[in-house]
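> So that we are looking at the same thing, I have put the structure below in structure tokens.
The values are calculated or read from the model by the stated rules, or taken from the named source; none is laboratory data. Worth saying up front: this structure is predicted, and the values here are computed from it rather than measured. For neighbour counting, all protein chains shown are included, and Cβ atoms are generated from backbone atoms with ideal geometry for every residue, glycine included. Areas reflect the complete protein model, heavy atoms only, side chains present, ligands, DNA and RNA absent. Shrake-Rupley method; radii C 1.70, N 1.55, O 1.52, S 1.80 Å.
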Amino acid sequence: MLSRSLIKRLSSEERNLVRDGAIYTTIFTGLVSYFNYREYIKKDFLRSEAHYRFNGRCQNMTPWKQLYFTWWRMPDEEFNVYHRFKPYFIVGQLDYSKEVLIPHTKTFGGTKVNGYMVVNPLYCYEGGKLSFRAMFKKEDPVNIERAALIVARGWVPAEYKDKRSRPNEINTRRLVKLKGIYRKGKDIHDYKVPNNPDNNEWHNLALEDIGIFWDLPNWDECKYYYFQVVDLEGNGVATTEEHNQQFPMPLSKDEVIEDHYGWRVLQSTNQNLFKLFGVVAGASAAMAALA
């Protein structure tokens with residue numbers, strides 16, 4: 001009632017200005033609200049789909065001889081349909097002496113904490129590299145040797161960068177069981193900031209760089225996929241059965257989903273913006289109608 005009485009006191013020219021401004025505001029805020037609504041629906045669907053896949057039965061996917069014919073160079077469509085976000089576990093020996101630290105920020109209670117993603121090789125009890133030359137000679141194309149997987153074990157805060165702050169990480173012959181998912185590596189040319197292995201400076205998870213730096217016997221096979229340790233149980237602790245120390249901390253399911261899709265804005269933010277601009281659009285439309 002108050003706004004109506006104020007508008008009636010305005011001249012016709014002033015009312016036209018108020019009406020035009022309200023119409024333009026309604027259009028702009030309505031479009032912003034609709035865009036954020038669409039983004040919220042899309043991200044919520046993708047997150048729900050990923051959680052559905054995460055909740056499947058955890059299966060053994062330790063590389064073995066027959067996998068080398070199908071796994072390493074599979075089409076993207078096959079990986080997305082059968083393996084993306086699907087929980088697996090692998091068994092092998094972790095090599096703590098070979099380590100790459102990649103800068104990674106983790107959020108705790110709304111506060112961002114700087115740290116690093118710890119990457120190590122895991123040597124499988126059976127594996128190798130594929131040789132097409134041997135295949136053409138009608139020989140065994142898979143050469144069995146100490147093959148490795150590149151494993152992103154989890155996150156450590158910046159104060160744990162020095163390996164001496166993680167005294168339990170000692171090489172043994174013990175087999176460890178790692179739970180998580182396989183993730184597809186990016187092309188080495190997709191990264192904006194290159195790595196400098198000569199100075200041990202790492203900025204991105206370029207699998208080819210890491211495999212060559214570690215002199216892995218099957219580095220050419222390792223450059224397609226890597227294994228990401230994930231907190232599948234949702235209890236906030238490592239599920240690697242390695243040791244009793246808290247770090248490296250495995251990524252949560254939601255962190256893996258957000259990193260996979262590269263979301264800079266979460267769907268909760270899109271939802272709040274959709275509601276906020278929707279209210280503003282409705283108020284502006286009412287103001288235009290009164291004018």
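> Of all the strands (runs of 3 or more DSSP E) wholly in segment 142-194, which have at least 2 residues that are open to solvent by 40 Å² or more (accessible area, probe 1.4 Å) and of a type outside the set (A, V, I, L, M, F, W, C)?
In segment 142-194, 176-184 are the strands (runs of 3 or more DSSP E) which contain 2 or more residues that are open to solvent by 40 Å² or more (accessible area, probe 1.4 Å) and of a type outside the set (A, V, I, L, M, F, W, C).
> Do you know which of the residues in segment 80-96 that are part of a strand (DSSP E or B) and open to solvent by less than 20 Å² (accessible area, probe 1.4 Å) is nearest to GLU233 (Cα to Cα)?
Per the stated criteria, the residue is TYR88.
> Counting only residues that are part of a helix (DSSP H, G or I) and open to solvent by less than 60 Å² (accessible area, probe 1.4 Å), which one in segment 255-267 is modelled with the lowest pLDDT?
So, considering only residues that are part of a helix (DSSP H, G or I) and open to solvent by less than 60 Å² (accessible area, probe 1.4 Å), the one modelled with the lowest pLDDT is GLN267.
> Let me ask another. Looking at the structure I just gave you, is ASN235 at pLDDT below 85, assigned to a loop (DSSP other than H, G, I, E, B) and open to solvent by 10 Å² or more (accessible area, probe 1.4 Å)?
Spelling it out, ASN235 is indeed at pLDDT below 85, assigned to a loop (DSSP other than H, G, I, E, B) and open to solvent by 10 Å² or more (accessible area, probe 1.4 Å).
> State the number of residues belonging to segment 201-231 that are part of a loop (DSSP other than H, G, I, E, B) and either closer than 20 Å to TYR82 by Cβ or in contact (Cβ under 8 Å) with a residue 40 or more places away in the chain (or both).
Here the count works out to 9.
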